[in-house]
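**Student:** Have a look at the structure that comes next, please.
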Amino acid sequence: DLYIAQDRGFFRQEGLQAEVVQVRGNIGVTALLSGEATAINNVGTVIRAMERSELPVKVVSQSLKKNLFWLVTKPEIKSLADLKGKVFGTTTFGGSQHLAAMRLLQKAGLNPEKDITTVIGGDVPAQLQSLVSGVIQLAALSPPTVILARDKFKLKIHGSTLEDVPNLQNGLAVTEKNLREHRDLVKRILRARARAQRYFWDNERGTAEVLAKYMNVEIPVALESYKLARPAFTANGIPTEKEVEEFLRADAEVLKLREPVPAARIFDFSLQREVNRELGIK
């Protein structure tokens, strides 16, 4: 979300008319494969789909290398162990939010498949409302929603996923056909995103102002969201080989794969590296 708002201005500078549509991850994957979407931002969901089956898709850029979720409950839940038998709301089954929360629950001694009931709860703001109303008892919220949960609704935060294993989420995924036949278009998109990414790293106040307007929150909330989020982002659109390896190994364990999927089957950062060289981004 931090990039989407900024991308639009940089897209115009690249001569691109970008229509940004917010949909669930699984719908985004379907739109990408059908040609209705040129690219998708929620690469976490597409990666999980690629780990389960061979899709003609490549992840060409990576914005987030760490999860940005905080486990949140009402104050009467004193510890994660108290969640046994409770309901957890997530955006997509098997998506980044879902799997990250499952790992934290496992660390707390719970068996997420048996001890927790997981339901689709809409986007993060909708999950907050469901949590407040009691429809669900656990949500994994990202900034700025987690700040609103803490300050406005006095909900309890049980820890974050920042210290968890690398989890490659938002970025850019395109079909192999688009990468092959419309390489210049993909490169222009990557260039716009790279410039937005550089602005994000270099301009704290400006990014917070964009975020405040885009998410309809006050500047102090936007600034705290920025500071919370900054360590989770890549600086150049490319995770390290170690981060990719750890991510794929952890995913294989959660998804019960016999072995991790080879990185080359999922990622192709060659065009991002080319853009970085041209823009002087290291």
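**Student:** Answer yes or no as to whether residue 249 is over 21 Å from the mean Cα position of the chain (by Cα), surrounded by fewer than 17 Cβ atoms within 10 Å (Cβ to Cβ) and either of a type in the set (D, E, K, R) or over 18 Å from residue 170 (Cα atoms) (or both).
**Tutor:** Details: over 21 Å from the mean Cα position of the chain (by Cα): no; surrounded by fewer than 17 Cβ atoms within 10 Å (Cβ to Cβ): yes; either of a type in the set (D, E, K, R) or over 18 Å from residue 170 (Cα atoms) (or both): yes.
Criteria not met by residue 249.
**Student:** Those residues that are within 16 Å of residue 197 (Cα to Cα), of a type outside the set (A, V, I, L, M, F, W, C), assigned to a helix (DSSP H, G or I) and touching a helix residue (DSSP H, G or I) at 6+ places or on another chain (Cβ under 9 Å), I need them from region 226-276; list them, please.
**Tutor:** 226, 227, 230, 272, 274, 276
**Student:** Still on this structure, I have one more. Please specify each residue of region 139-156 satisfying the condition of being closer than 30 Å to residue 246 by Cβ and either modelled with pLDDT under 95 or open to solvent by less than 10 Å² (accessible area, probe 1.4 Å) (or both).
**Tutor:** Once the filter is applied, which keeps residues that are closer than 30 Å to residue 246 by Cβ and either modelled with pLDDT under 95 or open to solvent by less than 10 Å² (accessible area, probe 1.4 Å) (or both), region 139-156 yields 139, 140, 141, 142, 143, 144, 145, 146, 147, 149.
**Student:** While we're on this one: Within region 80-90, which residues are open to solvent by 30 Å² or more (accessible area, probe 1.4 Å) and either touching a Phe, Trp or Tyr at 6+ places or on another chain (Cβ under 7 Å) or within 16 Å of residue 161 (Cα to Cα) (or both)?
**Tutor:** Across region 80-90, there are no qualifying residues.
**Student:** Sticking with this one: State all residues of region 212-234 that are of a type outside the set (Asp, Glu) and open to solvent by 60 Å² or more (accessible area, probe 1.4 Å); if no residue qualifies, say none.
**Tutor:** Restricting attention to region 212-234, the residues satisfying the condition of being of a type outside the set (Asp, Glu) are 212-217, 219-223, 225-234.
Matches in region 212-234: 213, 214, 216, 220, 227, 230, 231.
**Student:** Find the residue count for region 88-102, including only residues that are small (Gly, Ala, Ser), in contact with a strand residue (DSSP E or B) (Cβ under 9 Å, 6 or more places away or on another chain) and assigned to a loop (DSSP other than H, G, I, E, B).
**Tutor:** The qualifying residues number 1.
**Student:** Show the residue pairs meeting these rules: Cβ distance below 6 Å; 6+ apart or different chains; first residue within region 245-272 and closer than 18 Å to residue 95 by Cβ; second residue among the aliphatic types (A, V, I, L, M) and open to solvent by 30 Å² or more (accessible area, probe 1.4 Å).
**Tutor:** 250/165
**Student:** Considering only region 116-125, I want to know if a residue exists there that is surrounded by fewer than 20 Cβ atoms within 10 Å (Cβ to Cβ), in contact with a helix residue (DSSP H, G or I) (Cβ under 8 Å, 6 or more places away or on another chain), free of Cβ contacts under 8 Å to residues at least 24 places away in the same chain and not polar (S, T, N, Q).
**Tutor:** Checking region 116-125: at least one residue is surrounded by fewer than 20 Cβ atoms within 10 Å (Cβ to Cβ), in contact with a helix residue (DSSP H, G or I) (Cβ under 8 Å, 6 or more places away or on another chain), free of Cβ contacts under 8 Å to residues at least 24 places away in the same chain and not polar (S, T, N, Q).
**Student:** For residue 277, indicate whether it is under 14 Å from residue 51 (Cβ atoms) and either under 16 Å from the mean Cα position of the chain (by Cα) or not aliphatic (A, V, I, L, M) (or both).
**Tutor:** Against the criterion (under 14 Å from residue 51 (Cβ atoms) and either under 16 Å from the mean Cα position of the chain (by Cα) or not aliphatic (A, V, I, L, M) (or both)), residue 277 does not qualify.
**Student:** Restricting the search to region 36-79, which residues are assigned to a loop (DSSP other than H, G, I, E, B), within 27 Å of residue 157 (Cβ to Cβ) and of a type in the set (A, V, I, L, M, F, W, C)? Explain how you work it out, then say what you get.
**Tutor:** Filtering region 36-79 down to residues assigned to a loop (DSSP other than H, G, I, E, B) leaves 36-39, 53-56, 63, 65-69, 74-79.
In the following step, the residues that additionally are within 27 Å of residue 157 (Cβ to Cβ) were identified as 63, 65-69, 74-79.
Of everything in region 36-79, those that are assigned to a loop (DSSP other than H, G, I, E, B), within 27 Å of residue 157 (Cβ to Cβ) and of a type in the set (A, V, I, L, M, F, W, C) turn out to be 68, 69, 77.
Residue-by-condition table, conditions (1) under 26 Å from residue 224 (Cα atoms); (2) touching a strand residue (DSSP E or B) at 6+ places or on another chain (Cβ under 9 Å):
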site	(1), (2)
104	yes, yes
108	no, yes
111	no, no
115	no, no
124	yes, yes
129	yes, no
134	no, no
138	yes, yes
141	yes, yes
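The values are calculated or read from the model by the stated rules, or taken from the named source; none is laboratory data. Computed from a predicted structure; not experimentally measured. So basically every Cβ, Gly included, is an ideal-geometry build from the backbone, and we count neighbours across all protein chains shown. Areas reflect the complete protein model, heavy atoms only, side chains present, ligands, DNA and RNA absent. Shrake-Rupley method; radii C 1.70, N 1.55, O 1.52, S 1.80 Å.
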